[in-house]
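**Q** The structure is given below, and queries will be raised subsequently.
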Amino acid sequence: MSDAPTYGFDTLQIHAGAKPDPATGARQTPIYQTTAYVFRDADHAAALFNLQEVGYIYSRLTNPTVAVLQERIATLEGGAGAVCCSSGHAAQIMALFPLMGPGRNVVVSTRLYGGTVTQMSQTIKRFGWSAKFVDFDDLDAVKSAIDEDTRAVFCESIANPGGYITDIRAIADITDAAGLPLIVDNTSATPYLCNPISLGATLVVHSTTKFLTGNGTVTGGCVVDSGKFDWMASDKFPSLSQPEPAYHGLVFAEVLGPMAFTFHSIAIGLRDLGMTMNPQAAHYTLMGIETLSLRMERHVENAVKLAKWLEADDRVDFVTYAGLESSPYYARIEKVCPKGAGALFTFAVKGGYEACVKLVDSLEIFSHVANLGDTRSLVIHSASTTHRQLTPEQQEAAGAAPNVVRLSIGTENFEDLIADLDQALTKATA
Ligand SMILES: *Cc1c(COP(=O)(O)O)cnc(C)c1O
């Protein structure tokens, strides 16, 4: 039933990609804990290696448990195919890998997850790639940052942690005109709140570590391809549009059409970079994803209540949550994420850095961790932790100034969360 467009989100999050196990009838997707698969005969093996037949060879490339998750996420995002990876950061590299080459650049938003800022500004340079950071509210700046060597544009749908929503449609108009793929990190929104592909995104990346799994058990990532980008329209993407020397001259876009990017990512990306998701991780994420919409509804409901309560409290300077009418991004919710602005926001505590640290140490239900998107409510002082390696300007741009604390609101009773914040604010601002 995975391709059935008539089913609703709540049905697809449980059923897409899965069917009773053909060997045993097991109703739940088994964990195929195996590294290799027996070929029927030599011809079968040859057909698999030539990509003439879809099947399983070796679990660095594909695994039946992981394949169910790939199809599940691709379906929920409205994509043609997906590749799961060992982490969200692996997914970001896997998304760029078929597009980039030495001397090429990616135009990225200044409002990104802290680890992504470091990956893009520092680590990708080792591959000869570079990133140009631009304010994505300044559409002219995005346009003029694109040059001859640009091969992709990258942003987050709901940016973590600053309460920022990207006008994906407006950015997609720019990338369409430039003939470039738009990559959207949809981790904070999830496909329940936001569908980047319907707004013009080419690729969607996820840290499945967060809301998709939802319970803080495993790390993972995913790249979803819309299947809509015309790789043959220019000579900018030779890995997909021209004979690929790393796969005996196969022209992926010609032979595989809308599945070109996905097959390239498996046949070359996973084969040679090896950033593979393991079947245990896929199992945990499949368990989590079954309740995605139910959790996201409660996450958003709680986030709105807590953000309003904090905004009205005079121990708090400001709250940056796009779900508040005071947010400059409130009007974008309807366009970009009509079911809500997510469950992450920051607030500024009167008393600055010291008060923030005291607040974090005084909270009892909220856990002080470098994570987000858990059923548990989480808190972090970004400036002293996740965003520590950024310059003060980068911290400010990412919405992680020293006086600001980030919350990831869980699905607990909101009264308990408010009581916890209340007692911790009293201690922090005493
Ligand atoms: C956590 C996160 C990542 C990185 O994912 P990992 O699974 O930790 O590698 C990327 N983008 C966003 C928005 C994230 O929240």
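The values are calculated or read from the model by the stated rules, or taken from the named source; none is laboratory data. Since the structure is predicted, the reported quantities are computational estimates derived from the model, not experimental observations. Quick reminder, even Gly has a Cβ in these numbers, built from the backbone with ideal geometry, and neighbours come from all protein chains shown. Note: accessible area is taken over every heavy atom of the protein model, side chains too, but ligands, DNA and RNA are not part of it. Shrake-Rupley method; radii C 1.70, N 1.55, O 1.52, S 1.80 Å.
**Q** Add +1 for every Lys or Arg and -1 for every Asp or Glu among the other residues with Cβ under 15 Å from the Cβ of Thr34, and state the total.
**A** 0
**Q** Cα centroid distance between the stretch 174-222 and the stretch 24-99, in Å?
**A** Centre-to-centre distance over Cα atoms comes out at 19 Å.
**Q** Comparing Ala307, Ala91, Ala177, which has the greatest mean-square fluctuation in the GNM of the chain with Cα pairs linked when under 10 Å apart?
**A** Looking only at Ala307, Ala91, Ala177, the largest GNM fluctuation is found for Ala177.
**Q** Something else: In percent, what relative contact order does the stretch 332-393 have, based on Cα pairs under 8 Å that are 6 or more apart in sequence?
**A** Normalised by residue count, the contact order of the stretch 332-393 is 20 percent.
**Q** Before anything else, pin down the relative contact order of the chain: Cα pairs under 8 Å, at least 6 apart, normalised by residue count, whole percent.
**A** Worked out over the chain, it gives 17 percent.
**Q** In addition: With the chain treated as a Gaussian network of Cα nodes joined by springs under 10 Å, which of His44, His387, His15 yields the largest mean-square fluctuation?
**A** Greatest mean-square fluctuation among the candidates belongs to His44.
**Q** Just read off the accessible area of Tyr37 with the full protein assembly in place, 1.4 Å probe, to the nearest 10 Å².
**A** For Tyr37, solvent-accessible area is about 40 Å².
**Q** Then there's this: Beyond 28 Å between alpha-carbons counts as too far, so tell me which of Lys125/Lys236; Lys305/Lys335; Lys228/Lys305; Lys19/Lys210; Lys308/Lys358 fall in that bin.
**A** Cα-Cα > 28 Å for Lys228/Lys305; rest within.
**Q** Report, to the nearest 10°, how far helix 64-77 tilts away from the longest principal axis of the Cα atoms in the chain, using its own Cα long axis and a range of 0 to 90°.
**A** Tilt relative to the chain: about 60 degrees.
**Q** Something else about it: If you roll a 1.4 Å probe over the heavy atoms of the protein chains, what accessible area per residue do you get for the chain, in Å²?
**A** It amounts to 40 Å² per residue over the chain.
**Q** Could I ask something else about it? Find out how many positive minus negative residues lie around Ser382, taking Lys and Arg as positive, Asp and Glu as negative, among other residues whose Cβ is under 12 Å from that of Ser382.
**A** +1
**Q** Starting from the stretch 170-247, pick out the trypsin sites (Lys or Arg not before Pro) whose DSSP state is loop and whose Cβ has at most 16 other Cβ atoms within 10 Å.
**A** Sparse-neighbourhood loop trypsin sites (Lys or Arg not before Pro): Lys228.
**Q** Using a 1.4 angstrom probe on the protein heavy atoms only, line up Met232, Met259 by accessible area, largest first.
**A** Result of the area sort, largest leading: Met232, Met259.
**Q** With a 1.4 Å probe and every protein chain kept in, tell me what percent of the accessible surface of the stretch 292-428 is carbon plus sulfur.
**A** 51 percent
**Q** For the chain, with a Gaussian network of springs between Cα atoms less than 10 Å apart, report the residue from Leu61, Leu372, Leu212 with the top mean-square fluctuation.
**A** Greatest mean-square fluctuation among the candidates belongs to Leu61.
**Q** Go through the stretch 210-218 residue by residue and turn each phi into a ³J(HN,Hα) via Karplus (6.51, -1.76, 1.60, θ = phi - 60°); whole Hz please, and just put x for glycine and proline.
**A** Per-residue couplings from phi come out as 9, 5, 4, 6, x, 10, x, 9, 9 Hz.
**Q** Can you give the relative contact order of the stretch 284-430 as a percent, counting alpha carbon pairs under 8 Å and 6+ residues apart?
**A** 27 percent
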